[in-house]
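All remarks here apply to the structure that follows.
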Amino acid sequence: MKTSNHIQFAWLSVLLLMVFPCLSLADETGGISTTPTSIEMGAQYDGINLKVKGTVPAGSDVILHLTGAVRDLHLRQKGKVGGLLWMNVGTVTLTNVPNVSLIDTSRPFSELGGVASPFRLESLRNVIKIEQDTKAEQIDIPHELFLLKKHERLYNEAEKGVHLGPVEGSISSFSAELAIPSALAPGEYQVEAIAIKDGAVVGKYATTVRAELIGFPKWLSKLAFEKSLLYGILATVIAVFAGLAIGLVFQSKGAH
Amino acid sequence: MSLTMNLYLPIAGNSVNCLAIFGLGGIVGLLSGIFGVGGGFLMTPLLIMMGIPPTVAASSDSNQIVGASTSGTLAHFRLGNVDIKMGFLLLIGGIAGGTVGVQIIKILRQLGNADFLISITYVLMLGFVGGYMFLESLQAMRKSSQGRHTAPSSKKESVYARMVRTMPFQTDFKRSGIRISALMPLVLGTLVGILAAIMGVGGGFIMVPVMVYMLRMPMHVVVGTSLFQILFTCINVTVMQATQNHTVDFVLALLLLLGSALGTQVGAKLGKKLGGEQLKILLASLVLIVMFKMLFDLLVQPDILLAYMGGH
């Protein structure tokens, strides 16, 4: 009995030794990093170009994906009333919606084959849950959501924006720039590089990027959310005084 | 050296071009100064078009109207165009009407037809008010250019005029040069408040014609008094929105305010140069343009069939 246990352990060890080099190889052949490593949203923030670089197994193509936390969305659905007027006809509640989804590739999706499909924007259809007002007309909600998010530049699916570097041994480098929109919400975002070779995923490498308010926007946001009454009164008082000041400036000008 | 004109707004969660916002404030302020309307029905949709979330656009607009109407009220006060007594009575009515209007909206939403009714009310109100003002002013301008004078005393007293004359609590409104029942501005203020709450706007563009045609106030006093009343309405909205929904972007409001306060001052002076009938016809044209834009939006299929909650 003991002998058979030893044999099983020996086999397991051999298997692990066979697998382990592959795992370590994956670590050695792939990686990802961003510049900057965090997104600082100060008064001058107007979106940035996030530089992403890394390495993948030689000969791989790369799909780059930046995604944010999921949230629930309550939206209004527009439809035709009386066959004539377009107006709000109901509400739609969407759950599990990533607030950001930016995708880019080293090669057109059509050339990457079916293995790339789960990484496309359209694959979100399988993730997002929809609760539609039953009275409203049935429309392609995910399609309309994609249009809405693309309009805000929070969703984007680009191709050929990832540049592959020369092969060095068993690895090749890649680099890309992701256009981070100004409408990005503070929070943590995951940047993932998916390496695809010969119709299969051969590696996934991820890093996180934190977007955070700094300086005046941080102070103002804190005041608005944590001391909202004071913020509201301050906003009103400053507006009144600014209006009075401008009025007085005009009075003195008018006096001459 | 490149100087960026973009500024990040943490409450709106987006960055804006300072010059564009300043210019937008200036144009709307100009209209506000000339006509005594808050301009929310123009500003909010334009802010949404610039990428500001609808709820933040509407609340921040209220915040900037506080400043713009302070500046405008001051300018009109110096010109002797603010009837404070009338303004307060309209305001009390407006607040009561607004409270009733919010409840009506709740009931309509439960019945499921709220948005349809709001849209139709909006277009019909704008069309009626704008059309009536336009035609009436056109007739008055034609008459004055033809030099025809009709003595008001020769006209038969209308039922409305008789009703107004016989109402209790007759009060002198010296600034407006009229004597009417104090109940009139209270009742009319309430009705405008109800409509404004249903339509989700400040109500300046309804209040101005009401003051002109139903309270028979002179046009220049109407403008000053309307701005005075709007000031208090918007103070209330700003504090409420800041505390309950956290949707007031003060920086956005201040940028808009700088433009609009300047615009209001210019508008008040420009309005003084224009005759009462000219002012009415210009306001009527503005109201009709907004009505046609709304009608267009109702008739043409939108590019995206989903929209965020809030806004108009």
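Things to note:
- Matching residues in segment A:40-71 - criterion: being of a type in the set (A, V, I, L, M, F, W, C) and at the interface with chain B (Cβ under 8 Å from one of its Cβ atoms): A:M41, A:A43
One line per residue, one yes/no per condition, for (1) assigned to a loop (DSSP other than H, G, I, E, B); (2) small (G, A, S); (3) in contact (Cβ under 8 Å) with a residue 60 or more places away in the chain; (4) under 26 Å from B:G13 (Cα atoms):
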site	(1), (2), (3), (4)
B:V237	no, no, yes, yes
B:A242	no, yes, yes, yes
B:T247	yes, no, yes, yes
B:L254	no, no, yes, yes
B:L258	no, no, yes, yes
B:A261	no, yes, yes, yes
B:G267	no, yes, yes, no
B:Q278	no, no, yes, no
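- Positions within segment A:180-225 being in contact with a strand residue (DSSP E or B) (Cβ under 8 Å, 6 or more places away or on another chain), of a type in the set (K, R) and either within 11 Å of another protein chain (Cβ to nearest Cβ) or surrounded by 15 or more Cβ atoms within 10 Å (Cβ to Cβ) (or both), in sequence order: A:K197, A:K204, A:K218
- Filtered residues of segment A:72-99 (kept if under 30 Å from A:V62 (Cβ atoms) and away from chain B (no Cβ under 12 Å)): A:N96, A:P98
- The set of residues from segment A:140-164 being exposed (fewer than 15 other Cβ atoms within 10 Å of the Cβ) and facing chain B (nearest Cβ under 7 Å) comprises just one member, A:H151.
None of the figures in this text is laboratory data; all of them are computed from the coordinates on show. Owing to the predicted nature of the structure, the values given are computational and were not obtained by experimental measurement. Glycine also receives a Cβ, built like all others from the backbone with ideal geometry; neighbour counts cover every protein chain displayed.
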